[in-house]
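Values in this text are rule-based calculations from the coordinates and carry no lab data. This structure is a prediction, so every number in the text was calculated from the model and none was measured. Cβ placement follows ideal geometry from the backbone for every residue including glycine, while neighbour counts extend to all protein chains displayed.
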Amino acid sequence: MVEVCTRGVDTGFVALGYAKVAFLGVVQGITELLPISSTAHMRLVPAMLGWQDPGSAFSAAMQLAALAAVISYFWRDVRGLAGNSLRAVSHHEYGDPDLRFSLWIVLATVPIGIAGLLLAKLLNTCSSPLRSISVIGWACVVMALLLGLTELRARHRRTIANASVWDAVLVGIAQVGALIPGVSRSGSTLTAALALGFKREEAARLSFLLGLPAIALAGLKEMWELYKIHLDSHGWTVLALGLVVASISAFFAIWGLMRILERFSTWPFVVYRFILGCGIIVGAATGWFV
């Protein structure tokens, strides 16, 4: 599979065209916010279909689709946090719980922000070793085992109402793991929140809300990188189609995830990730995936 680079930025998605990018937008949207690794699917699905790898730039830019989906689904939470925080600041009510939680969201973003800047060239450059198929496979397996172990030992009692600043810090640190392709941001943060004793649906809600700035920054940064390399109008329209399709898919993915966590557990994702990871590792070892 030929890699397409433009001034060091992986722009393989442009060569795919509208129909293929729309299809991958559905895959990206569904897998981005589920704890099953969108990166793994963005490498696996094109490889199975014999398509061009859409590249790390596509995956990073699709964060904006995830952002739109999270804000839409949790609009009441987001509106309440933003509105109440501004009101608290204007009235000098610095003990307001919504203002405090908003500050925790910022604090939780610091670890991944620093790590992302330090590793930017390694993560998003063409031929990045971290995007190798074997790394992604092993990351899937390891995270499946960690999520499964956490599910077995978690208490599932706490709610966001009794969260603390240390919960935000620890989930924020766990979010750094998402920089490794195959780990999954939602997978690492959901695992951390469950390990801290939160109920499954509350753990997911905490994971999404704390991740809002990181998701936004990742997407906007990649948009800026694409702007700097002077991506042509065709490339932008292809990307725009992918964003629209992915945002709709991501919204329904969140809805499905919350229903599963409310009624069942994370075991379907654990099993799926483990099988997916093992399949990728075997495929890489046999030369099926490259």
Task: Only listed residue being without any contact (Cβ under 8 Å) to a residue 24 or more places away in the chain, over 21 Å from S72 (Cβ atoms) and of a type outside the set (G, A, S), chosen from F58, F23 - done: F23
TODO: Output the residue which, of all residues in the stretch 223-246 that are free of Cβ contacts under 8 Å to residues at least 12 places away in the same chain and of a type in the set (A, V, I, L, M, F, W, C), is surrounded by the fewest Cβ atoms within 10 Å (Cβ to Cβ).
DONE: W224
Task: Selection within the stretch 29-52 - assigned to a loop (DSSP other than H, G, I, E, B) and within 18 Å of L276 (Cα to Cα) - done: L33, L34, P35, I36, S37
Task: Selected residue (only one of L190, L147, L210 is within 18 Å of the chain's Cα centre (by Cα) and more than 21 Å from Q63 (Cα to Cα)) - done: L147
TODO: Sort out which residues of the stretch 247-278 are surrounded by 13 or more Cβ atoms within 10 Å (Cβ to Cβ) and in contact with a Lys or Arg (Cβ under 9 Å, 6 or more places away or on another chain), and write them in order of number.
DONE: M258, I260, L261, S265, T266
Open item on the list: For the stretch 233-251, check the following and say yes or no: at least one residue is polar (S, T, N, Q), in a helix (DSSP H, G or I) and over 19 Å from the mean Cα position of the chain (by Cα).
Closed with: yes
Open item on the list: I'd like the residue in the stretch 15-56 that is within 18 Å of the chain's Cα centre (by Cα) and on the phi > 0 side of the Ramachandran plot and, out of all such residues, is surrounded by the most Cβ atoms within 10 Å (Cβ to Cβ).
Closed with: S37
TODO: For the stretch 257-276, name all the residues that are in contact (Cβ under 8 Å) with a residue 24 or more places away in the chain and within 16 Å of Y73 (Cα to Cα).
DONE: L257, M258, L261, E262
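Enumerate the helices (runs of 4 or more DSSP H) found wholly within the stretch 58-173, keeping only those where 2 or more residues are among the aliphatic types (A, V, I, L, M) and surrounded by 17 or more Cβ atoms within 10 Å (Cβ to Cβ). Full working, then the answer.
Values: elements: 63-73, 75-90, 97-118, 120-124, 133-153.
In the stretch 58-173, 63-73, 75-90, 97-118, 133-153 are the helices (runs of 4 or more DSSP H) which contain 2 or more residues that are among the aliphatic types (A, V, I, L, M) and surrounded by 17 or more Cβ atoms within 10 Å (Cβ to Cβ).
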Open item on the list: Looking at the structure I just gave you, is A193 crowded, with 24+ Cβ neighbours inside 10 Å, touching a Ser or Thr at 6+ places or on another chain (Cβ under 9 Å) and under 15 Å from F274 (Cα atoms)?
Closed with: no
